[in-house]
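Peer 1: Take a look at the following structure, please.
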Amino acid sequence: MASESTPSGPRRPRTRGRRIALGALAGLATFAALLVLDGIWAGRSLVRGLTAARSELSIAIESIVTGDPGSAGPHFEAASRAADAARGAVGHPSMGIAGILPIAGDNIDAAAAVADASRATAEAGTAMVQVARTLGWTDIRIPASTAGGSVDIGAFEDAIPDMAAVTRRLEVALRALEDAGRNGLIGPVATGYQDAVDGLTLRLDLATRFRDSLRLAAAMFGGEHRYLICVPTLGIPRPGGGTPATVGVLVARDGSLTLESIAPASSELIEAEISIDWRRTARALLEAAETSGLTDLDGVIQIDAVALEDIVWAIGDVGAEGSPEALSDRTTTRALEIEAFLGTAPPRSARLHADRVSAILEAFLDRRPGVESFALATAAGARDGHLSIYLPGRAERRIIRSLGLDGGARLTDDGVLPVAASWSAIGNSHVGALVDTTVRQSTRITDDASAAVEAEILFENTAGTDPPSVLLGRPVGEIPVGTFAADVTLFLPATAQGITAETSRPSPIEIGSDGGLTSVTGSILVRGGESATLTVTYDVPGAVRTVEGMDELVLRILPQPTLSGVRFKLGIVLPEGSNVVSTSRELERRTDGATFSGVRGGSVDLELRFGAGEP
């Protein structure tokens, strides 16, 4: 008997359900595959767009600096399109879904912020093209000028509004980028984000400096003005630099600059009261200049041999009378500070110094330096205290301060422990040019947030002991040629307590006040080949402050301008049980604190944050 087939009817619903499930799974798989493909495409588009934007911005900026704004414009436009493409990639579905995830979302947001910043930078660059055209910037040299002493003030004034717009756009872009935050970023995104922040910060700084340089030039050289030019000699040190050696007057008439009265400094200027506060020094110089017959002055420009050597680097070698070879970026400082004073007749040496200074300044006014080299030269001089400007107007002083040309000490700021010393030579020899200075300081933090400080200023005299000259001086009694004598001052916080001080060769110690600081002064006398010190110990209550829940100590180094800089050897010791949380990049971490060692020519803040417990 044939078997009967099994009815298939009851299984049909399950088969349809399976088919529906399989169809749904297939759809989901297809969607997932498309999502993955979309994610790959969007990711590549994002990276490609950001890379292209960065490359186009670099090319465009280089075109601006080299005086080719016509070529810069298309590259800024290309950078803007690339940034838009990168931003558009972030809007793809795959990116939107990935953005829900905590880590992925932070990284996608950061990439989007970088794209937005790139577009904003490109927009600022387009405005910069207009600035370049207004200035007639067609080569690598200072725009809107035919020489250092002939500038188009009208073009500067016309360019300032557009330059201000450039800085505003960059400020907005940087703020937005920083607001995106770097927390949670990983791998290439973290690196790319930080590179974008650093790059935009640098571009904003350069743009701001250029804007303020235009403002300062327009304020100083528009109309008619007269400025005292003071060139000190660092071989006869004074607080904040050296003793006035050569002076003159820079006359500005609607962008045309000329020099007059370049000559050795008068006795009134040599004896003017010099301090670490440049504004006080400048006012004293103006009063002394008027007494000596230099009248109707609108400000002071102080520039020493180190900064003049930087200027020679920017403009090229300068021939000078009485010099066997042209003054160059390797010989100018020595020619002004050493060779000019090798003779035995002070008036002749002073005249030789003035003639060489005059040759350099005249060459600068006659030539047209490159804008980048000139900017680097003046920035180095300002940073290291070798170039300072004083103008009495409040608005002008703000511009000068923004450019770092104000010579400001700012040692009395809250939460700052100063590391600053000055010395003033006794006598007329220039042997100070041959003296090396080292500041050693140990700062021990106590449990009550106070600081116990021991500081030592060491002077090592490398001068020879003959023959007599204006440089080395003459023997006086038992004091031989080449001896360096000076009053040395260490500046402490006004709250310093328990002060003790001594010099290696006993001398009277004077404790006083100066500009809101406590000053400790002693005298040294150092023969050639020997050394001498001033040592000071003191306590500072409440030296440590709390910042963002951590303890913080800030040391502010202010070196006196010298020919080769001042060497610092500093140590910070934390209370037992404390650990270092973070430091300035200049500090080297230790298990019990941090150290700093190096030669400095300009001010720097050393910041150390610490807390209790294990690192």
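Peer 1: Please go through segment 557-587 and give me each residue that is closer than 25 Å to Phe459 by Cα and either open to solvent by 30 Å² or more (accessible area, probe 1.4 Å) or in a loop (DSSP other than H, G, I, E, B) (or both), ordered by number. Let's see the steps before the verdict.
Peer 2: Going through segment 557-587, the residues closer than 25 Å to Phe459 by Cα turn out to be 557-572, 586-587.
Listed by number, the residues that qualify are Leu558, Pro559, Gln560, Pro561, Thr562, Leu563, Ser564, Gly565, Arg567, Lys569, Glu586, Leu587.
Peer 1: Another one. Taking Ile276 as the residue in question, decide whether it is in contact with a helix residue (DSSP H, G or I) (Cβ under 9 Å, 6 or more places away or on another chain), within 19 Å of Gly408 (Cβ to Cβ) and touching a residue at least 40 places away in the same chain (Cβ under 8 Å).
Peer 2: Numbers: in contact with a helix residue (DSSP H, G or I) (Cβ under 9 Å, 6 or more places away or on another chain): no; within 19 Å of Gly408 (Cβ to Cβ): yes; touching a residue at least 40 places away in the same chain (Cβ under 8 Å): yes.
Against the criterion (in contact with a helix residue (DSSP H, G or I) (Cβ under 9 Å, 6 or more places away or on another chain), within 19 Å of Gly408 (Cβ to Cβ) and touching a residue at least 40 places away in the same chain (Cβ under 8 Å)), Ile276 does not qualify.
Peer 1: Same structure, new question: Any chance you could count how many residues in segment 515-550 are within 20 Å of Gly415 (Cβ to Cβ), open to solvent by 20 Å² or more (accessible area, probe 1.4 Å), touching a residue at least 40 places away in the same chain (Cβ under 8 Å) and not in a loop (DSSP other than H, G, I, E, B)?
Peer 2: Within segment 515-550, residues that are within 20 Å of Gly415 (Cβ to Cβ), open to solvent by 20 Å² or more (accessible area, probe 1.4 Å), touching a residue at least 40 places away in the same chain (Cβ under 8 Å) and not in a loop (DSSP other than H, G, I, E, B) number 4.
Peer 1: Okay, moving on. Tally the residues that are at pLDDT 95 or above and of a type in the set (D, E, K, R), restricting the search to segment 567-585.
Peer 2: 2
Peer 1: Let me ask something else about it. Inspect segment 157-177 for any residue being at pLDDT below 80 and hydrophobic (A, V, I, L, M, F, W, C) and give the result as yes or no.
Peer 2: Our first condition is that a residue be at pLDDT below 80; within segment 157-177, this holds for 176-177.
Filter once more, keeping what is hydrophobic (A, V, I, L, M, F, W, C): 176-177.
Yes: one or more hits.
Peer 1: Yes or no: segment 462-480 includes at least one residue that is open to solvent by 20 Å² or more (accessible area, probe 1.4 Å), closer than 22 Å to Ser564 by Cα, assigned to a strand (DSSP E or B) and of a type in the set (Gly, Ala, Ser).
Peer 2: Taking every residue of segment 462-480 in turn, none turns out to be open to solvent by 20 Å² or more (accessible area, probe 1.4 Å), closer than 22 Å to Ser564 by Cα, assigned to a strand (DSSP E or B) and of a type in the set (Gly, Ala, Ser).
Peer 1: Residues being modelled with pLDDT under 80 and over 18 Å from Leu200 (Cα atoms): count how many of those fall in segment 47-66.
Peer 2: 2
Peer 1: Give the number of residues within segment 552-584 that are in contact (Cβ under 8 Å) with a residue 40 or more places away in the chain and under 26 Å from the mean Cα position of the chain (by Cα).
Peer 2: 21
Peer 1: Same structure again: Could you check segment 211-231 and list, in sequence order, the residues that are open to solvent by 10 Å² or more (accessible area, probe 1.4 Å) and among the hydrophobic types (A, V, I, L, M, F, W, C)?
Peer 2: Of everything in segment 211-231, those that are open to solvent by 10 Å² or more (accessible area, probe 1.4 Å) and among the hydrophobic types (A, V, I, L, M, F, W, C) turn out to be Leu216, Ala217, Ala218, Ala219, Phe221, Ile229.
Peer 1: Any idea which of (1) under 15 Å from Gln302 (Cα atoms); (2) part of a helix (DSSP H, G or I); (3) open to solvent by 30 Å² or more (accessible area, probe 1.4 Å) is the one Leu259 doesn't satisfy?
Peer 2: Among (1) under 15 Å from Gln302 (Cα atoms); (2) part of a helix (DSSP H, G or I); (3) open to solvent by 30 Å² or more (accessible area, probe 1.4 Å), Leu259 violates only (2).
Peer 1: If I ask for residues that are without any contact (Cβ under 8 Å) to a residue 60 or more places away in the chain, surrounded by fewer than 20 Cβ atoms within 10 Å (Cβ to Cβ) and out of contact with any Gly (no Cβ under 8 Å at 6 or more places or on another chain), which ones from segment 489-514 would you list?
Peer 2: Answer for segment 489-514, where residues must be without any contact (Cβ under 8 Å) to a residue 60 or more places away in the chain, surrounded by fewer than 20 Cβ atoms within 10 Å (Cβ to Cβ) and out of contact with any Gly (no Cβ under 8 Å at 6 or more places or on another chain): Gln497, Gly498, Ile499, Thr500, Ser504, Arg505, Pro506, Ile511, Gly512, Ser513.
Peer 1: Also, I was wondering about something else. With respect to Ala486, is the statement that it is assigned to a strand (DSSP E or B), surrounded by 16 or more Cβ atoms within 10 Å (Cβ to Cβ) and small (Gly, Ala, Ser) true? Give the steps one after another, and end with the answer.
Peer 2: Numbers: assigned to a strand (DSSP E or B): yes; surrounded by 16 or more Cβ atoms within 10 Å (Cβ to Cβ): yes; small (Gly, Ala, Ser): yes.
Yes; evaluated as a whole, the condition is true for this residue.
Peer 1: Do we find that Thr295 is open to solvent by 60 Å² or more (accessible area, probe 1.4 Å) and more than 23 Å from Leu376 (Cβ to Cβ) in this structure?
Peer 2: Numbers: open to solvent by 60 Å² or more (accessible area, probe 1.4 Å): no; more than 23 Å from Leu376 (Cβ to Cβ): yes.
No; evaluated as a whole, the condition is false for this residue.
Peer 1: Exactly one condition in (1) surrounded by 21 or more Cβ atoms within 10 Å (Cβ to Cβ); (2) assigned to a helix (DSSP H, G or I); (3) touching a Gly at 6+ places or on another chain (Cβ under 7 Å) is false for Leu308; which is it?
Peer 2: Among (1) surrounded by 21 or more Cβ atoms within 10 Å (Cβ to Cβ); (2) assigned to a helix (DSSP H, G or I); (3) touching a Gly at 6+ places or on another chain (Cβ under 7 Å), Leu308 violates only (3).
Peer 1: Please identify the pairs in which a residue from segment 314-337 that is more than 26 Å from Val371 (Cβ to Cβ) has its Cβ atom under 6 Å from the Cβ atom of a residue that is open to solvent by 30 Å² or more (accessible area, probe 1.4 Å), counting only partners at least 6 apart or on another chain.
Peer 2: Taking only residues 6 or more apart or on different chains, the pairs are Glu321/Asp355; Gly322/Leu352.
Peer 1: Within segment 356-376, does at least one residue satisfy the condition of being among the acidic types (Asp, Glu), in a helix (DSSP H, G or I), modelled with pLDDT of 95 or more and over 18 Å from Gly242 (Cα atoms)? Can you show your working first?
Peer 2: The first filter runs over segment 356-376 and keeps only residues among the acidic types (Asp, Glu), leaving 362, 366, 372.
Narrowing the set further to residues that are in a helix (DSSP H, G or I) leaves 362, 366, 372.
Narrowing further to those that are modelled with pLDDT of 95 or more: 362, 366.
Filter again for over 18 Å from Gly242 (Cα atoms), leaving 362, 366.
Yes: one or more hits.
Peer 1: Among (1) under 30 Å from Gly404 (Cβ atoms); (2) modelled with pLDDT of 95 or more, which single condition is Ser513 missing?
Peer 2: (2)
Peer 1: Right, another one. Tell me the residue from Leu411, Leu458, Leu391, Leu434 that is modelled with pLDDT under 95, buried (at least 17 other Cβ atoms within 10 Å of the Cβ) and either among the basic types (Lys, Arg) or more than 15 Å from Gly241 (Cβ to Cβ) (or both), please. Walk me through how you get there before you give the answer.
Peer 2: Values: Leu458 fails: modelled with pLDDT under 95; Leu391 fails: modelled with pLDDT under 95; Leu434 fails: modelled with pLDDT under 95.
Criteria check complete, one pass: Leu411.
Peer 1: Restricting attention to segment 131-159, report how many residues are surrounded by 18 or more Cβ atoms within 10 Å (Cβ to Cβ) and part of a helix (DSSP H, G or I).
Peer 2: Counting residues in segment 131-159 that are surrounded by 18 or more Cβ atoms within 10 Å (Cβ to Cβ) and part of a helix (DSSP H, G or I) gives 8.
Peer 1: Follow-up question, since we're still on this one. Which pairs have Cβ atoms under 6 Å, sit 6 or more apart or on different chains, and link a residue in segment 383-402 that is more than 19 Å from Phe221 (Cβ to Cβ) to one that is outside any loop (DSSP other than H, G, I, E, B) and among the hydrophobic types (A, V, I, L, M, F, W, C)?
Peer 2: As it stands, the answer is His386/Val306; His386/Ala307, since those pairs meet every condition given.
Peer 1: Looking at segment 588-599 only, could you name the residues that are assigned to a strand (DSSP E or B) and in contact with a strand residue (DSSP E or B) (Cβ under 6 Å, 6 or more places away or on another chain)? Spell out how you get there, then give the answer.
Peer 2: Let us first name the residues in segment 588-599 that are assigned to a strand (DSSP E or B), namely 588-590, 593-599.
Across segment 588-599, the qualifying residues are Glu588, Arg589, Gly593, Ala594, Thr595, Phe596, Ser597, Val599.
The values are calculated or read from the model by the stated rules, or taken from the named source; none is laboratory data. It should be emphasised that the depicted structure is a prediction, and the values quoted were computed from it without experimental measurement. Neighbour counts are summed over all protein chains in view; Cβ atoms, including those assigned to glycine, are modelled from backbone coordinates with ideal geometry. Ligands, DNA and RNA are stripped out before the accessible areas are found, and what is left, the full protein with its side chains, is counted by its heavy atoms. Shrake-Rupley method; radii C 1.70, N 1.55, O 1.52, S 1.80 Å.
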